[in-house]
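**Student:** Pasting a structure below so you can have a look.
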Amino acid sequence: MNIKTLVSSTVMFSILTVSSITAVQAAIDELVTVYSSRKEHLIKPLFEAFTKDTGIKVEYLTGKGGALIERLKLEGTNTKADMFMTVDAGNLWYAGSQDLFQGVQTDTLKSNIPAYLRDPQGLWTGLSVRARTIVYNTDRVQSEELSTYADLATDKWAGRLCLRTSKKVYTKSLVSSLIHHHGKDKTADIVKGWINNLAATPNAKDSHVMSAILSGQCDVGLVNTYYYGRLMDKKPNSPLKLFWANQNTTGVHVNVSGAGVTKHASNAKAAIQLLEWLSSAKAQAIYGSLNKEYPANQNIASDDVVSAWGSFKQDDMNLAQAGILQADAVKLMQIQGYR
Ligand code: FE
């Protein structure tokens, strides 16, 4: 495998080429180009495996999601991108709303990925699942005290809660799901209660939320589970545990990393092939192990480390709602003083 990498100040552009003579002759000129806000170390092993399986080369450009969306818009019909990959349904939905994707609904995608993790028009497909749930300090909180996202707004958590900033799309998507389930008024009450209960100014990162819980600044918080996985990997004896929220009601809020075939793809056929391949058992197993996420394909078991955190009921709200309700969520958080 010969890897050529060009680095510019903002983006990294890499081409994986197959030097193996076993590559299928017919596929030799086949190339699919991907723009990805998912980091190189999380996508490269997948693309290499795809090329090995199909002979189709993958060229990719990584960068910040927002910058890549702007780039796609500017490039228009001239874009080299056949696929755009990013994290969070809020971002995927936004790209779809900017007319950057084409609808792709194949039997393979439908059978591999449940409907709630896909755009109803097939503009994008979730490929890995991340759960955003409660994390707590086991020295200061009993799991019996925990129940729902809404419960974190009650008086018993006064001065004990840490949250990530409302600017992060993960927070926007979670609050969108609360609006979807409870309506705006009740969600405003929940967010107001959270803000009243904060032990500190909202944190910039999920890892900071957990550091604050470990340092004793607060007792509970909300995080995406893979950040918990990374921390426990480094500090396995931390008195920190995940609690699956809303198990008797709506389920844990889940989100996705995902991808869509671009509207102006010059090789849509190969891009669809890649998308389907990414939803397959083989790719889904790689996906889960690379970032301690959950497979989007529900027939695939999670990685051992992730499985050890226990099974849980997922919120099956269609994730397009995370985008549709995002503006309402942002406004509501602003009004309630969630920074
Ligand atoms: Fe993240």
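**Student:** I'm trying to understand the selection: among the residues of segment 124-160, which are in a loop (DSSP other than H, G, I, E, B), in contact with a helix residue (DSSP H, G or I) (Cβ under 8 Å, 6 or more places away or on another chain) and not assigned by TED's automatic domain parsing to the domain that holds Y287? If you could, list the steps in order and put the result at the bottom.
**Tutor:** To start, the set of residues in segment 124-160 that are in a loop (DSSP other than H, G, I, E, B) comprises 124, 138-142, 146-149, 154, 158-160.
Remaining after also requiring in contact with a helix residue (DSSP H, G or I) (Cβ under 8 Å, 6 or more places away or on another chain): 124, 149, 154, 158-160.
Of everything in segment 124-160, those that are in a loop (DSSP other than H, G, I, E, B), in contact with a helix residue (DSSP H, G or I) (Cβ under 8 Å, 6 or more places away or on another chain) and not assigned by TED's automatic domain parsing to the domain that holds Y287 turn out to be Y149, T154, A158, G159, R160.
**Student:** Can you find even one residue in segment 161-172 that is within 16 Å of the ligand (Cβ to nearest atom), open to solvent by less than 30 Å² (accessible area, probe 1.4 Å), part of a strand (DSSP E or B) and of a type in the set (V, I, T)?
**Tutor:** Checked against the condition, which is being within 16 Å of the ligand (Cβ to nearest atom), open to solvent by less than 30 Å² (accessible area, probe 1.4 Å), part of a strand (DSSP E or B) and of a type in the set (V, I, T), segment 161-172 yields no hits at all.
**Student:** When only residues in segment 275-293 that are touching a residue at least 40 places away in the same chain (Cβ under 8 Å) and among the small types (G, A, S) count, which is farthest from T33 (Cα to Cα)?
**Tutor:** Looking at residues that are touching a residue at least 40 places away in the same chain (Cβ under 8 Å) and among the small types (G, A, S), I get G288.
**Student:** Quick check on this structure: which one of G90, G96, G66 is touching a Ser or Thr at 6+ places or on another chain (Cβ under 9 Å) and closer than 13 Å to A320 by Cβ?
**Tutor:** So the residue among G90, G96, G66 that is touching a Ser or Thr at 6+ places or on another chain (Cβ under 9 Å) and closer than 13 Å to A320 by Cβ is G90.
**Student:** Within segment 222-243, count every residue that is closer than 18 Å to N203 by Cα, within 12 Å of the ligand (Cβ to nearest atom) and assigned to a helix (DSSP H, G or I).
**Tutor:** Kept after step one, since they are closer than 18 Å to N203 by Cα, are these residues of segment 222-243: 222-228, 230-231, 240.
From what's left, within 12 Å of the ligand (Cβ to nearest atom): 223-228, 230.
Filter again for assigned to a helix (DSSP H, G or I), leaving 225-228, 230.
Qualifying residue count, segment 222-243: 5.
**Student:** Is it fair to say A200 is open to solvent by less than 20 Å² (accessible area, probe 1.4 Å), touching a residue at least 12 places away in the same chain (Cβ under 8 Å) and more than 16 Å from the ligand (Cβ to nearest atom)?
**Tutor:** Working: open to solvent by less than 20 Å² (accessible area, probe 1.4 Å): no; touching a residue at least 12 places away in the same chain (Cβ under 8 Å): yes; more than 16 Å from the ligand (Cβ to nearest atom): yes.
Judged against the criteria, A200 is not a match.
**Student:** Conditions first: (1) open to solvent by 20 Å² or more (accessible area, probe 1.4 Å); (2) under 20 Å from E144 (Cα atoms); (3) assigned to a loop (DSSP other than H, G, I, E, B). Q217 passes all but one, so which condition is the exception?
**Tutor:** Unmet condition: (2).
**Student:** Any residue at all in segment 114-123 that is assigned to a helix (DSSP H, G or I), within 18 Å of A296 (Cα to Cα), more than 15 Å from the ligand (Cβ to nearest atom) and open to solvent by 10 Å² or more (accessible area, probe 1.4 Å)?
**Tutor:** Filtering segment 114-123 for residues assigned to a helix (DSSP H, G or I) gives 115-117.
Then drop every residue that is not within 18 Å of A296 (Cα to Cα), which leaves 115-117.
Then drop every residue that is not more than 15 Å from the ligand (Cβ to nearest atom), which leaves 115-117.
Filter once more, keeping what is open to solvent by 10 Å² or more (accessible area, probe 1.4 Å): 115-116.
Yes, segment 114-123 has at least one match.
**Student:** Follow-up question, since we're still on this one. Among the residues of segment 145-159, are any within 16 Å of the ligand (Cβ to nearest atom), touching a residue at least 12 places away in the same chain (Cβ under 8 Å) and surrounded by fewer than 23 Cβ atoms within 10 Å (Cβ to Cβ)?
**Tutor:** no
**Student:** Also, I was wondering about something else. Filter segment 144-158 down to the residues that are farther than 16 Å from I179 by Cβ and either modelled with pLDDT under 95 or out of contact with any strand residue (DSSP E or B) (no Cβ under 8 Å at 6 or more places or on another chain) (or both) and list them by number.
**Tutor:** Pass one, segment 144-158, residues farther than 16 Å from I179 by Cβ: 144-147, 151-152, 154-158.
Passing the criteria: E144, E145, S147, D151, T154, D155, K156, A158.
**Student:** In addition: Quick one: is G122 on the phi > 0 side of the Ramachandran plot and touching a Gly at 6+ places or on another chain (Cβ under 6 Å)?
**Tutor:** Against the criterion (on the phi > 0 side of the Ramachandran plot and touching a Gly at 6+ places or on another chain (Cβ under 6 Å)), G122 qualifies.
**Student:** Of the residues that make up segment 322-338, is at least one under 18 Å from I113 (Cβ atoms), of a type in the set (A, V, I, L, M) and open to solvent by less than 30 Å² (accessible area, probe 1.4 Å)?
**Tutor:** To start, the set of residues in segment 322-338 that are under 18 Å from I113 (Cβ atoms) comprises 322-323.
Then keep just the ones that are of a type in the set (A, V, I, L, M); that gives 322.
The next check asks that each one be open to solvent by less than 30 Å² (accessible area, probe 1.4 Å); those that pass are 322.
Yes, the conditions are met somewhere in segment 322-338.
The values are calculated or read from the model by the stated rules, or taken from the named source; none is laboratory data. Just so it is clear, the structure is predicted and the values come from calculations on it, not from any experiment. Cβ coordinates were reconstructed from backbone atoms using ideal geometry, including for glycine residues, and neighbour counts include every protein chain displayed. The protein model used for the area step is the full one, side chains on, heavy atoms only, and it has no ligands, DNA or RNA in it. Shrake-Rupley method; radii C 1.70, N 1.55, O 1.52, S 1.80 Å.
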